[in-house]
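Reading through the structure tokens given below for one structure.
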Amino acid sequence: MRKILVALFGSIVLLAGCTGGNEAEDSSDAGEVTNEAGSDEPVSNGTVGEPEVVTEDLNIPWSINHHDDVFYLSERPGNVVVVSDGQKEEQDVELDKKVSTVSEAGLLGFVLAPDFAESKHAYAYYTYEEEGEVLNRVVLLEQSENVWREAEVLLDKIPSGQVHHGGRLKIGPDEKLYTTTGDASEPELAQDKDSLAGKILRMNLDGSIPDDNPFENSYVYSYGHRNPQGLAWSEEGELYESEHGPTANDEINVIRAGSNYGWPEITGEASKEGMESPIFTSGDGTTWAPSGMAYSDGKLYVAALRGTAVLEFDIEAGEMREVVTGLGRIRDIHIEDETLYFISNNTDGRGEPLDNDDHLYKMDISGL
């Protein structure tokens, strides 16, 4: 059943009047955002534990990984931060191309290989510039003596631009690598199945195209996306995605192989034959700017940049609520057992940093 949400519950600020034109991270994420109530005190919904700081002084963190009680966080300037027993170490990443400094660009998606303990391999998505073009690539990294080195290019020349890079990497339950790509500020590319822009891509871990992808000899798994930045799977293997909309109309979608999610022909509550509509949308007057997400017990937990909150979506009930606010822009989420981890993103030039921002937080969600 299709569930459309057109208003937020709780205290998310309603933001309207964003314009197209020269967009920032997203038209639904443009401009400077202050923390709610101008305070660095987190606000929970009263049924969960308060957020605790795991580490601080992060530099525009983007992705969370957790392995054997150690966190691995990517930072947009081109670093990986390793956090163990409360100690933080910033490790260099040696890439074949210089990381681009255009808006939203950098070292974005980062995910450890399933055999990381043995191989010391990880996958990364980063932005670079070549002959006046801004492009993205997916690479294999190898960690050696606390340095991560680009070992192999798996997919290159993903269209990019000044904004809308996408950038999320996740390994699915099928052990395939999924990549979200933005429309590179050229909306028509999202509908072009021959373009890698505005898509969710699926590849084998060696960079080859899976035989069961929906389009022959193509990495494209789904298309018609504007700027997708979150992926999560249910226990049953259903794939969910979060996506930035234009001037509001942000989306949470169920992703099915080969399906068209409508951008730029439809947004929000609109529908059109042959195109998928979201299971949740922020509607015309509200923005979330959703980024990383995680699934737990029938619910999706989504990082909201412009919404400055961790949002909880109850899939079956079709309801949404804030889990925590007051910590500014939230970029990524990870859930393990009954603990929710999330990173703030106030140092990216669009937030208002708190003391010692940015932070990795943890929070007990056993009461949800």
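The values are calculated or read from the model by the stated rules, or taken from the named source; none is laboratory data. On a predicted model such as this, the values are computed, not experimentally measured, just so you know. So basically every Cβ, Gly included, is an ideal-geometry build from the backbone, and we count neighbours across all protein chains shown.
Tabulated values for the structure
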{"item": "Residue that is nearest to Leu108 (Cα to Cα), among those in region 284-296 that are under 20 Å from the mean Cα position of the chain (by Cα) and in a loop (DSSP other than H, G, I, E, B)", "result": "Ala289"}
{"item": "Only listed residue being on the phi < 0 side of the Ramachandran plot and surrounded by 20 or more Cβ atoms within 10 Å (Cβ to Cβ), chosen from Ser84, Ser160, Ser119, Ser144", "result": "Ser160"}
{"item": "Tabulated pairs, region 259-273, first without any contact (Cβ under 8 Å) to a residue 24 or more places away in the chain and among the aliphatic types (A, V, I, L, M), second assigned to a loop (DSSP other than H, G, I, E, B) and surrounded by 16 or more Cβ atoms within 10 Å (Cβ to Cβ), C-beta under 7 angstrom, 6+ apart or interchain", "result": "Ile266/Met275"}
{"item": "Selection from region 297-310 of residues that are assigned to a strand (DSSP E or B) and more than 13 Å from Glu336 (Cα to Cα)", "result": "Lys299, Leu300, Val302, Ala303, Ala304, Ala309, Val310"}
{"item": "Any chance Asp250 is among the acidic types (Asp, Glu) and within 16 Å of the chain's Cα centre (by Cα)", "result": "yes"}
{"item": "Residue within region 206-218 that is farther than 12 Å from Val138 by Cα, of a type in the set (Gly, Ala, Ser) and within 18 Å of the chain's Cα centre (by Cα) present", "result": "no"}
{"item": "Residue within region 146-164 that is within 15 Å of the chain's Cα centre (by Cα), of a type in the set (Lys, Arg) and either farther than 20 Å from Ile64 by Cβ or in a strand (DSSP E or B) (or both) present", "result": "no"}
{"item": "Matching residues, region 349-368, being at pLDDT 95 or above and buried (at least 19 other Cβ atoms within 10 Å of the Cβ)", "result": "Asp357, Asp358, His359, Leu360, Tyr361, Met363"}
{"item": "Residue check for Val48: hydrophobic (A, V, I, L, M, F, W, C) and modelled with pLDDT of 50 or more", "result": "yes"}
{"item": "When residues of region 253-266 are limited to those that are within 17 Å of the chain's Cα centre (by Cα) and not polar (S, T, N, Q), the one surrounded by the most Cβ atoms within 10 Å (Cβ to Cβ)", "result": "Ile255"}
{"item": "Of all residues in region 165-193 being over 15 Å from the mean Cα position of the chain (by Cα) and at positive phi, the one that is surrounded by the fewest Cβ atoms within 10 Å (Cβ to Cβ)", "result": "Glu175"}
{"item": "From Ser242, Ser277, Ser271, residue being crowded, with 16+ Cβ neighbours inside 10 Å and in a loop (DSSP other than H, G, I, E, B)", "result": "Ser277"}
{"item": "Residue within region 199-215 that is crowded, with 24+ Cβ neighbours inside 10 Å, outside any loop (DSSP other than H, G, I, E, B) and in contact with a helix residue (DSSP H, G or I) (Cβ under 8 Å, 6 or more places away or on another chain) present", "result": "yes"}
{"item": "Residue check, Ala304 touching a helix residue (DSSP H, G or I) at 6+ places or on another chain (Cβ under 9 Å) and surrounded by 19 or more Cβ atoms within 10 Å (Cβ to Cβ)", "result": "no"}
{"item": "Residues being under 15 Å from Asn65 (Cα atoms), part of a loop (DSSP other than H, G, I, E, B) and either hydroxyl-bearing (Ser, Thr, Tyr) or touching a residue at least 60 places away in the same chain (Cβ under 8 Å) (or both) - total across region 331-368", "result": "1"}
{"item": "Residues of region 107-116 satisfying the condition of being buried (at least 18 other Cβ atoms within 10 Å of the Cβ) and of a type in the set (A, V, I, L, M, F, W, C)", "result": "Leu107, Leu108, Phe110, Val111, Leu112, Ala113"}
